[in-house]
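The values are calculated or read from the model by the stated rules, or taken from the named source; none is laboratory data. None of these values were measured; they are calculated from a predicted model. When we count neighbours, we look across all protein chains shown, and the Cβ atoms used for this are built from the backbone with ideal geometry, even at glycine.
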Amino acid sequence: MSAPLTKIPTVLLTNDDGIDAPGLAVLEAVAAELAHEVWVVAPEHDQSGTSHSISLHSPLRVSRRGERRFGVLGTPGDCVVTAVRHLMGGTRPTLVLSGINRGANLGVETMFSGTVGAAMTGLLLDLPSIALSQAFTDRERVRWDTARSLAPGVIRQLLAVSHDAPVCLNVNFPDVDAGAAGPLTVTRQGVGLVQGIDVVPEVDPRGFEYHWLRFARAPRENAPDSETAVVGSGRVSVTPLQFERTDERTFAALEAGLRKG
């Protein structure tokens, strides 16, 4: 990515909270400042937790929501592929922006995030991509003004840094007013706040049992340069992500052990 001297030619927007989510409306306002042409291709319904998944066993229904604006009955990954390979025709986006998510995507939680998954799908298509999330303490009082105020400058800063190849960047805005937010800080993923996943059984009005899955979150030890620590201190975090997930220590141990055998 290189610094934009003028507006970005074409930006593709998506999310995992759904096409009617307030965070996407914020991102559309941000993109209008940054780009000549904005495309929106987002899920018809909330797709949180769908990670990088794409639909291989069901058709994708697409509904036109306006000029260069579409809803897809599928996952965030489906939306990116459908946009780039079909809806946008011969137009290739200069940048993919995913979000702005309601809630931070920190640590191992990024593995489950549809917001991050959409951005990683953009990277799979060889497109520079940025996932953006707004941390909150009170779900009913999300500081969208913080993301709205800071996102244009953050995106410009990130585009000003040259890379050898397209990258996926995970950005989290802290749960503070924009004026109180610290600087954009390069971070590592870290472990985050997830301690596990719980199964919550319930009973419906007809007496049948059903179940919800729920992340169990609590403070964990995170390094000072982790997303969780940086966002918790009131700064904006950015973590470069990649597909390569090989555990090098175990790789070396396995290689040595198998060589002995």
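Inspection of the stretch 91-101 identifies no residue that is free of Cβ contacts under 8 Å to residues at least 60 places away in the same chain and either loosely packed, with under 15 Cβ neighbours inside 10 Å or part of a loop (DSSP other than H, G, I, E, B) (or both).
Among residues of the stretch 144-180 being acidic (Asp, Glu) and not in a helix (DSSP H, G or I), the one that is surrounded by the most Cβ atoms within 10 Å (Cβ to Cβ) is Asp175. Of the strands (runs of 3 or more DSSP E) lying entirely inside the stretch 1-71, those containing at least 2 residues that are in contact with a helix residue (DSSP H, G or I) (Cβ under 6 Å, 6 or more places away or on another chain) and on the phi < 0 side of the Ramachandran plot are 8-14, 35-43. Between Thr137, Thr185, the distinction of being farther than 26 Å from Thr82 by Cβ, hydroxyl-bearing (Ser, Thr, Tyr) and out of contact with any Lys or Arg (no Cβ under 6 Å at 6 or more places or on another chain) belongs to Thr137 only.
Within the span defined as the stretch 234-251, one or more residues are surrounded by 10 or more Cβ atoms within 10 Å (Cβ to Cβ) and part of a loop (DSSP other than H, G, I, E, B).
Count of the stretch 161-187 residues, restricted to those that are acidic (Asp, Glu) and over 19 Å from the mean Cα position of the chain (by Cα), is 2. Here the stretch 201-218 is the region considered, the condition is being in a strand (DSSP E or B), exposed (fewer than 10 other Cβ atoms within 10 Å of the Cβ) and among the aliphatic types (A, V, I, L, M), and the residue that is modelled with the lowest pLDDT is Leu213. Taking the criterion of being in contact with a helix residue (DSSP H, G or I) (Cβ under 8 Å, 6 or more places away or on another chain) and at pLDDT below 95, the residues of the stretch 127-169 that qualify are Pro166, Val167.
When Ala83 is tested against (1) of a type in the set (Gly, Ala, Ser); (2) outside any loop (DSSP other than H, G, I, E, B); (3) under 10 Å from the mean Cα position of the chain (by Cα), exactly one condition is not met: (3).
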